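Take a look at the structure set out below.
The values are calculated or read from the model by the stated rules, or taken from the named source; none is laboratory data. Since the model is a prediction, treat every value here as computed from it, not as a measurement. Positions of Cβ are backbone-derived with ideal geometry, glycine not excepted, and every protein chain shown enters the neighbour counts.
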Amino acid sequence: MKVAIQNNAKVLALFAVACTALVSLVSLLTKDTIARQEQQQLLSTLHQVIAPERINNDLYQDCQFIKDEEYLGSNQSQTAYIARMDHVPVAVAITSVAPDGYNGNIQLLVAINVDGTLSGVRVLKHKETPGLGDKIETRKSEWVYNFNDKDIIDEKDLRWAVKKDGGMFDQFTGATITPRAVVNAVKNTMLYFNQHQKDIISNTTSCRGQHD
Amino acid sequence: MTERSEYKELSWQGLWKNNPGLVQLLGLCPLLAVTTTLTNAIGLGLATLLVLVCSNATISAIRQWVPKEVRIPIFVLIIAAFVTCVQLLMNAFTFGLYQSLGIFLPLIVTNCAIIGRAEAYASKNPVKPASFDGLMMGVGFALVLMTLGAIREILGQGTLFDGAELLLGEWASILRIEIFTSDTSFLLAILPPGAFIAMGFLIAAKNAIDSSIAAKQPKAEAKTIERVRVNFEG
């Protein structure tokens, strides 16, 4: 009996070690590719909202963490990527969250030019209803391009709402909550940027943990 | 002759008679959840197929050394290891698809079809037929996934192969077929209830085909047996 238990334990341990070794090996071999893929994915999204010919710095490194629950929609740190041409800042891309989507958080990337106009907006991640709320994706509809070149005066700017609420942005047939949440989040991000522009641009600590 | 009929029986079992998706109804969670587009269905189908073949082959190869009492934890370990490897590889080489399959990739571990085949077949048979069984069961499962994915994508968005570039690289975006365009998509097909309804129709269709074959069978039985044997040897 005791021998059987010992034997079984040995066999189990052996298989556990072998399986772990296999997984570690594959993980080690794919680690660099995965990191590169994630970086590429991020860069290609950043280049969609800030045209690559406008900048010549390393966007991936030139970033910092910012946090503001009221304006950026989350108690988690968000990231600001600073786009520069020959060290002169041209735009800042900020990740932010619309916490009031139809199905929870909608993660956004909002790029704002230094003159305060929008350079572009993209949805990074969402769980909105397929076929209704997912028109915020560029694959499904051109809606999100409406944000390009828009500006904002102040917090009481009435244009920053969906048309149903008297603003300048279309809602979708059958889905008002989603576009309303996105419009609000973009508006708040712009207000945040207007208040903190100097801090964001002058801060030189990189979010990758190195100094410039 | 006997070996060939064994493989033929395995194919028949995996692809039709004992299909993991339509008959055993195993792995319903990923089956219904990711089949919103054909591309997703192909991605998950291939991942499951790969895991099934690898786990069946490994389990069959080690079957002499595994004590009966601890076989289930060992099977689970092996399957989980393969799933994690597939997940890492897909994350590295098909990044977009990895993101759209999301949580359902690690959930392959819980797909009962895999541990079911390990226990019922691979642990009792040599490596070659066990791998073949994994292949056929995997193909059977993938075919159901793809049929369901194609039906739901056509009904829901009027396209086929939407997002194929996520799986196959940039060139594949030309594969996308627009069958019809409509502003309001047929929501039911994309949402989970649509998956259940479409699945129900698929099972019904399979049963209808089976019973119509069975209805014809008794009369022709004596003759067909003769003919089948001739086919075998020819």
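For the range B:139-177, filtered to residues that are buried (at least 16 other Cβ atoms within 10 Å of the Cβ) and of a type in the set (Asp, Glu), the residue that is modelled with the lowest pLDDT is B:165.
Is it the case that some residue within the range B:167-186 is within 14 Å of another protein chain (Cβ to nearest Cβ), farther than 15 Å from residue B:27 by Cβ and hydrophobic (A, V, I, L, M, F, W, C)? Yes, because at least one residue in the range B:167-186 is within 14 Å of another protein chain (Cβ to nearest Cβ), farther than 15 Å from residue B:27 by Cβ and hydrophobic (A, V, I, L, M, F, W, C).
Here the helices (runs of 4 or more DSSP H) wholly within the range B:1-120 that include at least 3 residues being surrounded by fewer than 16 Cβ atoms within 10 Å (Cβ to Cβ) and of a type in the set (Asp, Glu) are B:2-12. Scanning the range A:41-48 for residues that are away from chain B (no Cβ under 14 Å) and touching a residue at least 24 places away in the same chain (Cβ under 8 Å) turns up at least one hit. Summed over the range A:151-166, the residues that are surrounded by fewer than 18 Cβ atoms within 10 Å (Cβ to Cβ) and assigned to a loop (DSSP other than H, G, I, E, B) give a count of 9. Here residue B:54 clears all of (1) within 13 Å of the chain's Cα centre (by Cα); (2) at pLDDT 90 or above except the condition numbered (1).
Here is a list: B:128, B:124. Which entry is without any contact (Cβ under 8 Å) to a residue 24 or more places away in the chain, more than 14 Å from chain A (Cβ to nearest Cβ), closer than 30 Å to residue B:65 by Cα and surrounded by fewer than 19 Cβ atoms within 10 Å (Cβ to Cβ)? Full working, then the answer.
Numbers: B:124 fails: without any contact (Cβ under 8 Å) to a residue 24 or more places away in the chain.
Result of the check over B:128, B:124: B:128.
Cβ-Cβ distances below 6 Å connect the following pairs, each with a first residue in the range B:134-162 that is within 14 Å of chain A (Cβ to nearest Cβ), a second residue that is of a type in the set (Phe, Trp, Tyr), and a separation of six or more residues or different chains: B:155/B:186; B:156/B:186; B:158/B:180. Among the conditions (1) surrounded by 22 or more Cβ atoms within 10 Å (Cβ to Cβ); (2) in contact with a Leu (Cβ under 7 Å, 6 or more places away or on another chain); (3) at pLDDT below 90, residue A:59 misses just one, which is (1).
Tell me, please, whether a residue that is farther than 21 Å from residue A:78 by Cα, crowded, with 18+ Cβ neighbours inside 10 Å and small (Gly, Ala, Ser) can be found in the range A:117-125. Checked against the condition, which is being farther than 21 Å from residue A:78 by Cα, crowded, with 18+ Cβ neighbours inside 10 Å and small (Gly, Ala, Ser), the range A:117-125 yields no hits at all.
Of all residues in the range A:172-199, those that are modelled with pLDDT under 90 and surrounded by 18 or more Cβ atoms within 10 Å (Cβ to Cβ) total 2.
Filter the range A:197-212 down to the residues that are in a helix (DSSP H, G or I) and either free of Cβ contacts under 8 Å to residues at least 60 places away in the same chain or in contact with a helix residue (DSSP H, G or I) (Cβ under 9 Å, 6 or more places away or on another chain) (or both) and list them by number.
Let us first name the residues in the range A:197-212 that are in a helix (DSSP H, G or I), namely A:197-202.
Hits for the range A:197-212 are A:198, A:199, A:200, A:202.
Scoring residue A:110 on the criteria (1) more than 16 Å from the chain's Cα centre (by Cα); (2) surrounded by 21 or more Cβ atoms within 10 Å (Cβ to Cβ); (3) not aromatic (Phe, Trp, Tyr) leaves a single failure, condition (1).
Of the residues making up the range A:81-90, none is at pLDDT below 90, touching a Lys or Arg at 6+ places or on another chain (Cβ under 7 Å) and within 16 Å of residue A:206 (Cβ to Cβ). Pairs are defined by a Cβ separation below 9 Å, a sequence spacing of at least 6 or placement on different chains, a first member in the range A:15-40 that is facing chain B (nearest Cβ under 8 Å), and a second member that is loosely packed, with under 15 Cβ neighbours inside 10 Å and modelled with pLDDT under 90; the pairs so defined are A:30/B:93; A:33/B:93; A:37/B:93.
Taking the range A:1-57 as the range and being touching a strand residue (DSSP E or B) at 6+ places or on another chain (Cβ under 7 Å) and part of a helix (DSSP H, G or I) as the test, the residues that pass are A:45, A:46, A:48, A:49, A:54. Would you be able to say whether some residue in the range B:64-81 is more than 10 Å from chain A (Cβ to nearest Cβ), in contact with an Asp or Glu (Cβ under 8 Å, 6 or more places away or on another chain) and at pLDDT 90 or above? Yes, because at least one residue in the range B:64-81 is more than 10 Å from chain A (Cβ to nearest Cβ), in contact with an Asp or Glu (Cβ under 8 Å, 6 or more places away or on another chain) and at pLDDT 90 or above.
Residue check: residue B:62 meets all listed conditions (1) free of Cβ contacts under 8 Å to residues at least 40 places away in the same chain; (2) in contact with a helix residue (DSSP H, G or I) (Cβ under 9 Å, 6 or more places away or on another chain); (3) within 30 Å of residue A:41 (Cβ to Cβ) but one, namely (3).
Need a quick list: strands (runs of 3 or more DSSP E) entirely within the range A:79-145 having at least 1 residues that are within 14 Å of chain B (Cβ to nearest Cβ).
Values: elements: A:88-101, A:104-113, A:118-125.
Because the criterion is at least 1 residues that are within 14 Å of chain B (Cβ to nearest Cβ), the strands (runs of 3 or more DSSP E) in the range A:79-145 that meet it are A:104-113, A:118-125.
Scanning the range A:172-183 for residues that are assigned to a helix (DSSP H, G or I) and touching a Phe, Trp or Tyr at 6+ places or on another chain (Cβ under 8 Å) returns A:177, A:178, A:179, A:181, A:183.
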